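Written out below as structure tokens is the structure these notes cover.
The values are calculated or read from the model by the stated rules, or taken from the named source; none is laboratory data. Treat the numbers as computed from the prediction; the structure is a model and nothing was measured. Glycine also receives a Cβ, built like all others from the backbone with ideal geometry; neighbour counts cover every protein chain displayed.
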């Protein structure tokens with residue numbers, strides 16, 4: 001073999017688990033980076049279209065696994081537990097060289113324990129949010145995870161008190177959030193008008209959050225259409241969402257919204273402002289330099305439970321990284337069409353506020369480290385494999 005490390009006689013199989021759209025994105029980049037080191041590696045597990053395109057053999061699709069909120073998981077629980085039993089069976093029957101887990105702690109932590117107890121090394125890529133809730137999970141991670149790669153700059157301090165090799169490697173979005181087309185070309189490609197106020201709607205990547213948030217976003221768009229005559233709305237469709245679901249919600253509301261598929265960063269990059277569901281999309285929007293209003297809404301019961309156990313000053317990743325309120329947040333009962341429209345209108349009406357937010361977003365980007373996070377994560381994972389006795 002030309003590549004050092006894994007010998008042909010050693011198992012080249014790696015199980016990788018990503019239960020959400022952002023994990024699918026980062027998992028695909030990691031797989032490609034690891035295959036760049038050694039092309040004989042074989043990957044299987046849970047992921048989405050991007051991981052499948054990168055060559056991962058899917059046992060289950062992440063779109064069937066992704067739920068947000070404590071009560072929202074219940075209808076999918078039987079299926080999710082069945083998938084986990086299947087994965088445990090595979091781990092026992094034919095142990096892979098490495099188990100890679102990407103966030104998604106409710107599903108992944110039991111797998112980490114199972115793998116550890118069966119002598120399989122565990123690499124956790126992208127930390128569970130132990131800094132926000134269920135802080136005692138950090139001791140589960142300490143016990144059952146061999147190494148961890150962190151992608152948020154404040155997370156290293158969280159792990160200083162435990163015996164776990166957890167290091168900040170930068171954020172992989174720095175490599176992936178890029179526009180492909182010049183502005184003029186993108187405007188034509190998406191059938192938009194130039195010189196018109198453009199507002200992006202990003203209702204999330206899970207069906208549940210889209211059905212909760214998009215109707216209110218569309219009502220906000222109708223309000224903004226009355227206040228800003230020269231305005232257009234765009235919605236980049238997440239790969240995990242059915243087009244018909246989103247198209248149906250838009251048609252029901254009767255607002256003209258252009259749906260784009262496959263060029264999400266170019267779509268958002270054209271916008272003057274975005275209304276964004278809390279999650280990875282807030283960070284992607286920040287890296288594109290687009291001002292935003294962050295919205296978050298779960299079922300009332302999930303929210304009540306969450307308030308009792310989640311202890312953070314901010315919801316949006318942009319604000320968490322900045323350590324202050326860079327972008328406005330509308331949470332639960334505040335996430336009304338009127339409030340969304342008011343916040344968007346207030347930002348657009350103030351050049352000083354818009355410019356200040358853009359400067360703050362640029363600063364957040366610099367706090368994410370240097371490009372090349374996926375390659376650094378791949379190197380850690382590969383070292384874990386190549387250090388095994390053969």
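Figures for the structure shown
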{"read-out": "Residues of the stretch 147-166 satisfying the condition of being under 23 Å from the mean Cα position of the chain (by Cα) and in a loop (DSSP other than H, G, I, E, B)", "value": "151, 152, 153, 154, 159"}
{"read-out": "Residue match in the stretch 134-143 (condition: outside the structural domain of residue 342 (by TED's automatic domain parsing) and touching a strand residue (DSSP E or B) at 6+ places or on another chain (Cβ under 7 Å))", "value": "yes"}
{"read-out": "Selected residue (only one of 262, 208 is assigned by TED's automatic domain parsing to the domain that holds residue 358, touching a residue at least 40 places away in the same chain (Cβ under 8 Å) and within 17 Å of residue 21 (Cα to Cα))", "value": "208"}
{"read-out": "Selection count where residues are more than 16 Å from the chain's Cα centre (by Cα), at pLDDT 70 or above and assigned to a helix (DSSP H, G or I), scope the stretch 269-316", "value": "1"}
{"read-out": "Filter result (assigned to a loop (DSSP other than H, G, I, E, B) and surrounded by fewer than 17 Cβ atoms within 10 Å (Cβ to Cβ)) within the stretch 213-233", "value": "229, 230"}
{"read-out": "Where residue 255 falls short, out of the listed (1) within 27 Å of residue 125 (Cβ to Cβ); (2) touching a helix residue (DSSP H, G or I) at 6+ places or on another chain (Cβ under 9 Å); (3) at pLDDT below 95", "value": "(1)"}
{"read-out": "Members of the stretch 259-268 that are more than 17 Å from the chain's Cα centre (by Cα), within 17 Å of residue 210 (Cβ to Cβ) and modelled with pLDDT of 95 or more", "value": "259, 260, 267"}
{"read-out": "Counted residues, the stretch 149-166 - those being surrounded by fewer than 20 Cβ atoms within 10 Å (Cβ to Cβ) and either at positive phi or touching a residue at least 40 places away in the same chain (Cβ under 8 Å) (or both)", "value": "2"}
{"read-out": "Any hit, the stretch 109-123, residues being closer than 22 Å to residue 370 by Cα, under 17 Å from the mean Cα position of the chain (by Cα) and at pLDDT 95 or above", "value": "no"}
{"read-out": "Subset tally (residues that are assigned to a helix (DSSP H, G or I) and at negative phi) for the stretch 319-333", "value": "5"}
{"read-out": "Any hit, the stretch 113-125, residues being touching a helix residue (DSSP H, G or I) at 6+ places or on another chain (Cβ under 7 Å), in a helix (DSSP H, G or I) and within 23 Å of residue 25 (Cα to Cα)", "value": "no"}
{"read-out": "Residues of the stretch 334-354 that turn out to be part of a helix (DSSP H, G or I), under 24 Å from the mean Cα position of the chain (by Cα) and over 14 Å from residue 199 (Cα atoms), as a count", "value": "1"}
{"read-out": "Candidate set: the stretch 186-209, residues that are modelled with pLDDT of 95 or more and under 14 Å from residue 276 (Cβ atoms); chosen: the one surrounded by the fewest Cβ atoms within 10 Å (Cβ to Cβ)", "value": "199"}
{"read-out": "Conditions (1) at pLDDT 95 or above; (2) farther than 30 Å from residue 267 by Cβ; (3) outside any strand (DSSP E or B); number of the one not met by residue 171", "value": "(2)"}
{"read-out": "Filter pass, residue 236 being free of Cβ contacts under 8 Å to residues at least 60 places away in the same chain and either in a helix (DSSP H, G or I) or outside the structural domain of residue 277 (by TED's automatic domain parsing) (or both)", "value": "no"}
